[in-house]
Amino acid sequence: MIQISANQRFLRQSNGEPFFYLADTAWELFHRLTYDQASYYLADRATKGFTVIQAVVLAELDGLRVPTPQGDVPFESFATLTPNERYFAHVDAVIAKANQLGLVIALLPTWGDKWNQKWGTGPEIFTAENAYTYGHWLGQRYRDADIIWALGGDRAIETPAHMAIIEAMVAGLRAGDEGRHLCTFHPQGQQHSSQYFGQAEWIDFHMLQSGHARNRDNWRSIADDYALTPTKPCMDGEPGYEDHPAGFAVENGYLDDYDARKACYWALFAGAHGHTYGCHPIWQFWSIGHKPLTWARRPWQEALQLPGASQMQHAKHLLLSRPYFRRIPDQSLILAGQGEGTHHIQACRDSAGSYAMIYLPANQTVTINVSNLLGPTYRMWWFNPRTGHAQWLDERTTALPIEIVTPFGGPDWVLVIDSLPAGFEWQAPGWQA
């Protein structure tokens, strides 16, 4: 089972090795796909390096009343919330397939409109009493599965009744699975789990939703959660989706792989333990015959091949190539050239000073401070976040600031500075110069 690292900043496997939470967003996975379709999707995501799939048991798109392709709904009746065994047998099979492929399911017991409709179809079916019962049943059923619980579901907690429902559901899950799985909370857009559960013992890592506008400053939001006490891992669980209208307006154009990369590297280098990618046609598994939500423009099978999904794994490989549990954010590495908006530069380094990484999202010049790194000699190279390839830059012996200009062929690059005595390979396995 996945655990929290000793320094409370990252996730780790039970053997102590890092667990890099790299998620894809598949909210309608159980509701809209057959088992064969789900298996096809999961195999694609496993091949592309994802480690987590975020999916919802009681789905957003009228998931209580509109049946699955097999003709099933989750409950025999809303009054008793008696589970429909055929529906949950399908959920069982899809989770088992994901686990077989090495994927962990970040499992939302319900979308938020079932406890705070606000918008969407609902209906609101949960009280504190039946939330506990449902949570306990679900916890027992998936006690031995490789999952992470994610409460919430894109809604704000606005009343004491809402809070009571979430806390009761958590208590039920914890009792049912005997506390085996990590828990987090997926909040509404531009909100944080920490604003509701900053002091809650049950929440193992914090999640924010930066949302679907272009150049959202999720690095700032991560920094806010990173600074909280008590210390807990934090992440952006829903940044702008690839192929989503920017700001929900078609006239703004569609977010693309560049937008997805910026959100990823900004968050990770600001201190996030992991990151979630999303693609607009995929979360809803849109295909002919369904109503496209917010201007989805291609079937999910075609969207699987959009470039952003394949590019996310390069960040994972890069960070796992260096001492993982010692990564800290450090903007003091940037002496001059710090940009704004799409030009924002984000930096991180090893707490022991053996390496630094700086994400430069555009063609720009930056002056680097190496005083917090182990000198006196530094090897510098470029990492291409679009391809995962490495490109040699220079080797220098200096304690003075270093001015760097991004190479051609961007727009974005990661500058890697390795302390030579650390002995790192500048071309990790699988990368190409």
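The values are calculated or read from the model by the stated rules, or taken from the named source; none is laboratory data. Here the structure is a predicted model, which means the values were calculated and not measured. Using ideal geometry, Cβ is built from the backbone for each residue, glycine included, and neighbour counts are taken over all protein chains shown.
Given the structure, is Ile53 in a strand (DSSP E or B) and touching a Lys or Arg at 6+ places or on another chain (Cβ under 7 Å)?
yes
Can you name the residue in segment 57-89 that is part of a helix (DSSP H, G or I) and either surrounded by 17 or more Cβ atoms within 10 Å (Cβ to Cβ) or not hydrophobic (A, V, I, L, M, F, W, C) (or both) and, of all such residues, is nearest to the chain's Cα centre (by Cα)?
Filtering segment 57-89 for residues that are part of a helix (DSSP H, G or I) and either surrounded by 17 or more Cβ atoms within 10 Å (Cβ to Cβ) or not hydrophobic (A, V, I, L, M, F, W, C) (or both), the one nearest to the chain's Cα centre (by Cα) comes out as Phe88.
Does any residue in segment 207-219 that is more than 11 Å from Gln188 (Cβ to Cβ) come within less than 6 Å, Cβ to Cβ, of a residue that is surrounded by fewer than 23 Cβ atoms within 10 Å (Cβ to Cβ) and among the β-branched types (Val, Ile, Thr) six or more places away or on a different chain, and which pairs are these?
Asn215/Thr342
Applying the selection to segment 395-428, what residues are of a type in the set (D, E, K, R) and either in contact (Cβ under 8 Å) with a residue 60 or more places away in the chain or surrounded by fewer than 16 Cβ atoms within 10 Å (Cβ to Cβ) (or both)?
Filtering segment 395-428 down to residues of a type in the set (D, E, K, R) leaves 395-396, 403, 412, 418, 425.
Matches in segment 395-428: Glu395, Glu403, Asp412, Asp418, Glu425.
Among Trp300, Trp392, Trp295, which is exposed (fewer than 15 other Cβ atoms within 10 Å of the Cβ), in the same structural domain as Val57 (by TED's automatic domain parsing), touching a residue at least 12 places away in the same chain (Cβ under 8 Å) and hydrophobic (A, V, I, L, M, F, W, C)?
Trp295
For segment 129-168, enumerate the residues that are surrounded by fewer than 18 Cβ atoms within 10 Å (Cβ to Cβ) and among the small types (Gly, Ala, Ser).
Ala156, Ala161
Consider Phe285 against the criteria (1) crowded, with 20+ Cβ neighbours inside 10 Å; (2) of a type outside the set (A, V, I, L, M); (3) under 24 Å from Glu425 (Cα atoms): it satisfies all of them except one. Which criterion is unmet?
It is condition (3) that Phe285 fails.
Going by the structure shown, is Ile125 in the same structural domain as Thr229 (by TED's automatic domain parsing) and free of Cβ contacts under 8 Å to residues at least 60 places away in the same chain?
No: the conditions fail for Ile125.
Does segment 329-347 contain at least one residue that is among the aliphatic types (A, V, I, L, M), part of a strand (DSSP E or B) and surrounded by fewer than 14 Cβ atoms within 10 Å (Cβ to Cβ)?
yes
Applying the selection to segment 35-50, what residues are surrounded by fewer than 21 Cβ atoms within 10 Å (Cβ to Cβ) and either not assigned by TED's automatic domain parsing to the domain that holds Gly308 or not small (Gly, Ala, Ser) (or both)?
Tyr35, Asp36, Gln37, Tyr40, Asp44, Thr47, Lys48
Filter segment 90-106 for residues that are surrounded by 14 or more Cβ atoms within 10 Å (Cβ to Cβ) and small (Gly, Ala, Ser) and give the result.
Filtering segment 90-106 down to residues surrounded by 14 or more Cβ atoms within 10 Å (Cβ to Cβ) leaves 90-95, 97-99, 101, 103-106.
Of everything in segment 90-106, those that are surrounded by 14 or more Cβ atoms within 10 Å (Cβ to Cβ) and small (Gly, Ala, Ser) turn out to be Ala93, Ala98, Ala106.
If you check Asp204, Asp224, Asp217, which single one turns out to be modelled with pLDDT of 95 or more and touching a Leu at 6+ places or on another chain (Cβ under 6 Å)?
Asp204 is the lone residue from the list that is modelled with pLDDT of 95 or more and touching a Leu at 6+ places or on another chain (Cβ under 6 Å).
Based on what the data block shows, is Arg32 surrounded by 18 or more Cβ atoms within 10 Å (Cβ to Cβ), among the charged types (D, E, K, R) and touching a helix residue (DSSP H, G or I) at 6+ places or on another chain (Cβ under 8 Å)?
Against the criterion (surrounded by 18 or more Cβ atoms within 10 Å (Cβ to Cβ), among the charged types (D, E, K, R) and touching a helix residue (DSSP H, G or I) at 6+ places or on another chain (Cβ under 8 Å)), Arg32 does not qualify.
Any chance segment 174-189 includes a residue that's part of a helix (DSSP H, G or I), in the same structural domain as Val56 (by TED's automatic domain parsing) and touching an Asp or Glu at 6+ places or on another chain (Cβ under 9 Å)?
Yes - at least one qualifying residue is present in segment 174-189.
Would you confirm, using the coordinates I've provided, whether Tyr359 is touching a residue at least 60 places away in the same chain (Cβ under 8 Å), assigned to a helix (DSSP H, G or I) and either surrounded by fewer than 16 Cβ atoms within 10 Å (Cβ to Cβ) or not charged (D, E, K, R) (or both)?
Judged against the criteria, Tyr359 is not a match.
Check whether at least one residue in segment 253-274 is in the same structural domain as Asp44 (by TED's automatic domain parsing), surrounded by fewer than 23 Cβ atoms within 10 Å (Cβ to Cβ) and among the charged types (D, E, K, R), and report yes or no.
So far as segment 253-274 goes, yes, one or more of its residues are in the same structural domain as Asp44 (by TED's automatic domain parsing), surrounded by fewer than 23 Cβ atoms within 10 Å (Cβ to Cβ) and among the charged types (D, E, K, R).
If we keep just the residues of segment 1-23 that are not in a loop (DSSP other than H, G, I, E, B) and not aliphatic (A, V, I, L, M), which is farthest from Phe205 (Cα to Cα)?
Residues of segment 1-23 that are not in a loop (DSSP other than H, G, I, E, B), as a first pass: 3-4, 11-12, 18, 22-23.
Next cut, not aliphatic (A, V, I, L, M) only: 3, 12, 18.
Working: Gln3: 10, Arg12: 12, Pro18: 15 Å.
Once the filter is applied, the top-ranked residue is Pro18.
Quick one: in segment 181-233, of everything that is farther than 27 Å from Thr294 by Cβ and among the aliphatic types (A, V, I, L, M), which residue is surrounded by the fewest Cβ atoms within 10 Å (Cβ to Cβ)?
Ranking the qualifying residues of segment 181-233, first place goes to Ala227.
On the given criteria, is Arg386 buried (at least 18 other Cβ atoms within 10 Å of the Cβ), touching a helix residue (DSSP H, G or I) at 6+ places or on another chain (Cβ under 8 Å) and assigned to a strand (DSSP E or B)?
no
I need a count of the residues in segment 111-138 that are touching a strand residue (DSSP E or B) at 6+ places or on another chain (Cβ under 8 Å) and part of a helix (DSSP H, G or I).
6
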